[in-house]
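Visitor: Have a look at the structure that comes next, please.
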Amino acid sequence: MRMIVRLRIQKEVLRGAVLEKAHEVLYVEHRQMCESCSRSQANPDQWVAAVQLGQHVPHRRTFFYLEQLILKHDAAAQAIRIKQMDHGIDFFFSSRSHGVKFVEFVDKVAPVRSRDDRQLVSYDPKSNNYNYKYTFSVEICPICHEDLICLPPKVATSLGNLVHLRFA
């Protein structure tokens, strides 16, 4: 798209003498996406790291809390795609480091158990380059705030003689 703007600039120079000049400015708009956006538009399955975040409970209270923390701290800013699944959410990233950073964030804000796997995508024997797809499986602890839990007697005494039945 092209746009021409005509400007007239006036200024008083000496006692009532006005100097005026006209200019034409041409604006040209080039519609183009950044490199990472255009790559993801061309092939939406072009991810390098996937984080599968899940919790096996009948309610979604922890997910709602975690969603607020992710939005507040902008933790999923580098995600190229987010997909909701039956028992969780999948986050897809364009690099392994972004996925690791997201897993570390979730580990700081919630009790989790995680494991990671990698799958060979391609190998170039001439340059000795390996390309992998990384998958991080993160399971959030099924105990939520205000859940009633029963502690074994040995665990209760080791935690400072707590009551066996208590709210989390």
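Visitor: Could you list all residues from the range 58-79 that are polar (S, T, N, Q) and buried (at least 17 other Cβ atoms within 10 Å of the Cβ)?
Guide: The answer is T62, Q78.
Visitor: Further, regarding this structure: Among the candidates E146, E104, single out the residue that is modelled with pLDDT of 90 or more and under 22 Å from Y65 (Cα atoms). First the steps, then the outcome.
Guide: Numbers: E146 fails: modelled with pLDDT of 90 or more.
Answer to the selection: E104.
Visitor: Pull out all pairs, ordered by first then second residue, where Cβ-Cβ is under 6 Å, the residues are six or more apart or on different chains, the first lies in the range 138-164 and is without any contact (Cβ under 8 Å) to a residue 12 or more places away in the chain, and the second is open to solvent by 70 Å² or more (accessible area, probe 1.4 Å) and not hydrophobic (A, V, I, L, M, F, W, C).
Guide: Listed pairs, sorted by first residue: A156/H164.
Visitor: What are the pairs, 6+ residues apart or on separate chains, where a residue within the range 77-102 that is in contact (Cβ under 8 Å) with a residue 24 or more places away in the chain and more than 16 Å from V48 (Cα to Cα) has its Cβ under 7 Å from a residue that is open to solvent by 40 Å² or more (accessible area, probe 1.4 Å) and assigned to a loop (DSSP other than H, G, I, E, B)?
Guide: Going by the 7 Å Cβ cut-off, the qualifying pairs are H87/H56.
Visitor: Of the residues that sit in the range 80-96 and are open to solvent by 40 Å² or more (accessible area, probe 1.4 Å) and not in a strand (DSSP E or B), which one is nearest to T135 (Cα to Cα)?
Guide: The residue in question is R96.
Visitor: Just one of V106, V121, V100 is more than 19 Å from C144 (Cβ to Cβ), outside any strand (DSSP E or B) and among the β-branched types (V, I, T); which is it?
Guide: V100
Visitor: Yes or no: R81 modelled with pLDDT under 90, within 27 Å of I140 (Cβ to Cβ) and not aromatic (F, W, Y)?
Guide: The answer is yes for R81.
Visitor: Answer with yes or no whether Y130 is modelled with pLDDT of 90 or more, farther than 30 Å from R2 by Cβ and open to solvent by 100 Å² or more (accessible area, probe 1.4 Å).
Guide: yes
Visitor: Further question on the same structure: Would you mind stating whether L71 is under 10 Å from the mean Cα position of the chain (by Cα), farther than 15 Å from T135 by Cα and not in a loop (DSSP other than H, G, I, E, B)?
Guide: Values: under 10 Å from the mean Cα position of the chain (by Cα): yes; farther than 15 Å from T135 by Cα: yes; not in a loop (DSSP other than H, G, I, E, B): yes.
Yes, satisfied.
Visitor: Give the range 136-148 a look and list any residue that's open to solvent by 40 Å² or more (accessible area, probe 1.4 Å) and out of contact with any Lys or Arg (no Cβ under 6 Å at 6 or more places or on another chain), or say none.
Guide: Within the range 136-148, C141, P142, I143, H145, E146, L148 meet the criteria.
The values are calculated or read from the model by the stated rules, or taken from the named source; none is laboratory data. Every value quoted in this text rests on a predicted model; they were computed, and no experiment measured them. A quick note on method: Cβ atoms are made from the backbone with ideal geometry, for glycine too, and the neighbour counts reach across all protein chains shown. Areas reflect the complete protein model, heavy atoms only, side chains present, ligands, DNA and RNA absent. Shrake-Rupley method; radii C 1.70, N 1.55, O 1.52, S 1.80 Å.
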